[in-house]
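Working notes, beginning with the structure itself.
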Amino acid sequence: MITASICTIGDEILIGQITDTNSSYIARALNKVGIKVVHMSSCSDSKRDILNTLKRCLRMSEVVITTGGLGPTKDDITKNVLMTLSGSNRMVRSHKQYIIIKNILSARGIQMLDINRQQAYVPENCTVIPNRIGTAPIMQFRFPKEEFGRDNLLFSMPGVPFETEYATNDVISAIQAHYKLNRIFHRTICTFGIAESVLSKKIESWENSLPANLHLAYLPNPVLGVRLRLSIYGISEKEGKEELDKYASTLKAILGDAVYGEGDTNPQTVTGELLLERGATISTAESCTGGYVAHLLTEIPGSSRYFWGSVVSYDNSVKINTLGVSENTVKKYGVVSSQCVKEMAEGVRKRLGTTYSISTSGIAGPGGGTPNKPVGTLWMAASGPKGTVTATIVSKSTRKINIERFAASALDLFRRSLLAGKI
């Protein structure tokens with residue numbers, strides 16, 4: 001299998017001034033065509049650092065892609081480093097890139113200066129892939145196996161994200177013309193309501209039975225749950241699909257209703273699909289989540305067909321006066337209780353006239369907890385024509401993540417209760 005390393009160049013990345021989005025974009029593109037990314041790194045605008053990093057990457061993988069350091073200013077030194085690395089004796093002008101630079105500057109009403117002309121010059125030992133929307137050319141270098149132990153291709157791309165994204169297809173085409181690639185196939189199973197460690201133990205025997213060319217990755221997320229990505233390498237498309245179907249099927253059988261979907265889906269999308277299938281509507285009554293359940297639901301285009309509204313009952317008076325929660329319930333059990341969220345869910349469903357409803361009440365933190373109800377405690381309810389189901393969880397994280405996990409957990413409670421015929 002052909003492997004790749006990605007290196008982003010620039011002090012601005014290392015000091016956190018900008019976020020590196022280029023690496024993730026390039027990695028996804030490479031993966032789609034069967035190139036496995038084995039290393040990512042960032043290095044400073046230092047000749048020594050760039051040179052050492054690129055040499056290490058070339059020894060590690062067949063394909064090396066760099067971004068950054070190709071601008072017209074003095075701190076952009078990548079081109080000079082590549083001249084040294086490639087053994088080039090001089091810079092030569094790329095006529096195609098020169099014309100592009102001239103046209104871009106002319107369209108912007110900018111006079112071409114010497115530093116602009118210099119951008120069209122590249123090390124003589126490179127092949128130029130014209131950058132059609134920017135001034136810095138994409139440079140391709142080939143290194144024979146004798147130099148770094150591999151048949152290497154190195155590509156130097158601009159650091160501007162939209163230029164990188166635009167040029168990635170050209171780079172991919174150049175790689176495909178040079179190497180015979182085997183496809184990588186993926187299948188992602190989405191789960192919720194089961195911790196990563198518990199999940200790992202539950203599927204331990206199944207995971208140990210996987211063939212050598214099939215790999216499993218755990219991808220936890222507070223809103224999405226734990227996604228399980230199956231990847232298979234070095235196999236035909238037909239065989240890959242058959243293998244992934246087989247192992248995904250047995251995995252889902254083990255996990256049961258913890259599985260809510262596949263691929264890039266999420267709890268709010270699945271909730272919307274379940275409601276549309278039934279021609280049903282939903283409302284929410286939220287306290288600690290502050291409208292985040294409603295936010296997730298309304299993220300989905302077309303959610304107006306099933307989502308009618310929400311009551312954010314942060315203060316107890318709203319729970320009592322608007323949702324109809326009994327004062328006695330609040331006094332006897334507190335607002336973070338099964339009894340309270342049950343009445344909240346039933347109250348909002350009645351007042352907004354929806355088929356179903358979801359409610360939340362908890363302690364997001366960082367303060368407000370008690371020995372019996374620590375920070376991170378959530379009570380939630382899902383209500384419908386067949387009844388109301390309540391449940392509780394405890395999330396030991398930051399306030400932001402607690403709120404996100406609370407909201408997603410409430411959607412998951414609704415999904416499971418609906419499919420089980422309880423609401």
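Values quoted throughout were computed directly from the atomic coordinates according to the rules given, and no laboratory measurement underlies them. None of the values given here were measured: they were computed from a predicted structure. Cβ: placed from backbone, ideal geometry, glycine included. Neighbour counts: every protein chain shown.
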Next on the checklist: Given contacts defined as C-alpha pairs under 8 Å and at least six residues apart, what's the relative contact order of the stretch 3-178, whole-number percent?
Outcome noted: 24 percent
Item to check | Length-normalised contact order of the chain in % [C-alpha pairs under 8 Å, at least 6 apart] | outcome: 11 percent
Checklist entry - Rounded, prolate or oblate: which fits the stretch 3-178, taking a ≥ b ≥ c as square roots of the Cα gyration tensor eigenvalues, rounded meaning a/c under 1.5, else prolate when a/b beats b/c? => result rounded
Checklist outcome for this item: Any lysines whose Cα falls less than 16 Å from that of Lys386, other than same-chain ones fewer than 8 residues away, would be Lys342, Lys350, Lys422
Checklist entry - What spacing in nm lies between the two simple spin-label points modelled at Lys202 and Ala253, each 7 Å away from Cα in the Cβ direction? => result 1.7 nm
Item to check | Sequence-distant lysines (8 or more away, or on other chains) whose Cα lies within less than 17 Å of Lys32 | outcome: Lys180, Lys238, Lys241
Checklist entry - On a 0 to 90 degree scale, rounded to 10, what angle separates helix 95-107 from the longest Cα axis of the chain? => result 60 degrees
Next on the checklist: Taking a virtual spin label 7 Å from the Cα of Arg183 along the C-beta vector, which residues in the stretch 23-43 bring their backbone nitrogen under 15 Å of it?
Outcome noted: 31-35
Next on the checklist: Along the Cα→Cβ direction, 7 angstrom out, place labels at Met91 and Arg48. What is the inter-label distance in nm?
Outcome noted: 2.4 nm
Checklist outcome for this item: Between the modelled labels at Lys332 and Leu105 (7 Å from Cα along Cα→Cβ) the distance in nm is 8.2 nm
Checklist entry - How do the peptides 24-36, 333-345 rank, highest first, by the average count of neighbouring beta carbon atoms within 10 Å per residue? => result 333-345, 24-36
Checklist outcome for this item: Links exceeding 29 Å between C-alpha atoms in this model, out of Lys36/Lys74; Lys202/Lys319; Lys331/Lys396, come to Lys36/Lys74; Lys202/Lys319
Item to check | Segments 223-232, 104-113 sorted - mean Cβ within 10 Å per residue, highest first | outcome: 223-232, 104-113
Checklist entry - Among 278-289, 37-48, what's the highest-first ranking by average C-beta atoms within 10 angstrom per residue? => result 278-289, 37-48
Checklist entry - Using Cα pairs under 8 angstrom and six or more residues apart, how large is the relative contact order of the stretch 317-374, in percent? => result 28 percent
Checklist entry - In deg cm²/dmol and to the nearest 500, what is the mean residue ellipticity at 222 nm of the chain if only DSSP H runs of at least 4 residues count, each as -39500 (n - 2.57), divided by the residue total? => result -12500 deg cm²/dmol
